[in-house]
Structures are given as C-alpha cells and as structure tokens.
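Below: one structure, written as structure tokens.
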Amino acid sequence: MSGAKRYIEKKEYITSYNMKWQKENLDKVKIISRRFAKTDKGKLLRLMAQQRRDARKKALIADLTTLQWHETIEYFNGCCAYCGKDGYLTQDHFIPLSKMGIYSKKNIIPACESCNLRKNTKDFIIWYTEYEHFSFNRKQKILRFIEEFK
C-alpha cells in the first residue's frame, strides 16, 4: 500500500496523533515554527497570507497561489520586472490594493524591494516612464503579462 493510500485510510488517527504531539511539545513546535519562518518558503507563505488577508478585508479577489507566483517570477526570468535586478523579489500589486487592485496572478508583478517601495501606490504608467531604470522593453513585457491574464 502506498504512503498516500495509507494516509487517506488513517487520516483521522494521524491528525489526532499530530495534534496530541504538538500539545505535548509546544517548545519544540515554537522552535520549528520560528526556524521555518526564517526560510525563503516561510517568508513567502507569511507574505502571501498577509496579502490575502489585506485583499479579503477590502472584499477583493485573493486567489494567487504559490505555483502562480513562481510562474510569474519565471515569466520575468527571476528578475525585478521594473529594473531587471535579480535577487529577493517581492510581490507588487500592479494596481495597488488601495485602488482596489486584486491579489491575483493578473495583478501581481515581481519587484525588488527598492522598486516596490518607490512605486508604492503610484499609477504604473506615470511612475515607470519617469523612473531612472525605465526600459521600453520591460514596460511592454509588463503590459503583455497583465493583458495576458485579464
């Protein structure tokens, strides 16, 4: 019997065992959780959860998945969509949440922290054409990406 089948058959037992273990080992759980929160995956999941909460508070769509985020990063070759730098990328709302921009693949662009902070809640076209790292090719790529998922 495969692990998946065994899990399905014993799901209730496994769940109750895990919950019992977590209650009995709170210190270990805290250590494991803190360690995970410092990893790239932990940071990403925390960021995505916060973005979803913020969008839902405003009754906006919030359906971006981790897979979609990775596809978006791949579309932009692992680089900031605005300046082209690679490294740690944040999720920038093309249309900001404050202007009712949704938390979905069609509105999230990978941006380095510097570009994300500089754009803030500004309109993309106005901000980007005046930006020091402006590139016509990157602008077209961003607009194609946004159009592709409308």
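Hey, with R₀ at 30 Å, roughly what FRET efficiency would residue 129 and residue 67 work out to, going by the Cβ-Cβ distance, to 0.05? With R0 = 30 Å, the Cβ-Cβ based efficiency is 0.40. Judged by the gyration tensor of its Cα atoms, with axes a ≥ b ≥ c, the range 109-150 is prolate; a/c meets the 1.5 cut and a/b is the larger of a/b and b/c. Convex hull volume of the C-alpha atoms in the range 1-71, normalised per residue: 163 Å³. The mean of 1/r over all pairs of different alpha-carbon atoms in the range 37-133, once inverted, gives a Kirkwood hydrodynamic radius of 13.7 Å. Backbone N atoms of the range 112-148 closer than 18 Å to the 7 Å Cα→Cβ label point of residue 74 belong to residues 145-146, 148.
Legend: residue pairs 57/85; 58/85; 20/41; 43/85; 10/38, Cα-Cα distance threshold 30 Å; pairs beyond threshold, 57/85; 58/85; 10/38. Computed from the Cα positions only, the extents of the range 50-103 along the three principal axes stand at 32, 21, 15 Å, in decreasing order.
Every number here is computed from the coordinates shown, using simple stated rules; none is lab data. Keep in mind that this is a model prediction, so the values were computed, not measured. Cβ atoms come from the backbone with ideal geometry, glycine included; neighbour counts cover every protein chain shown.
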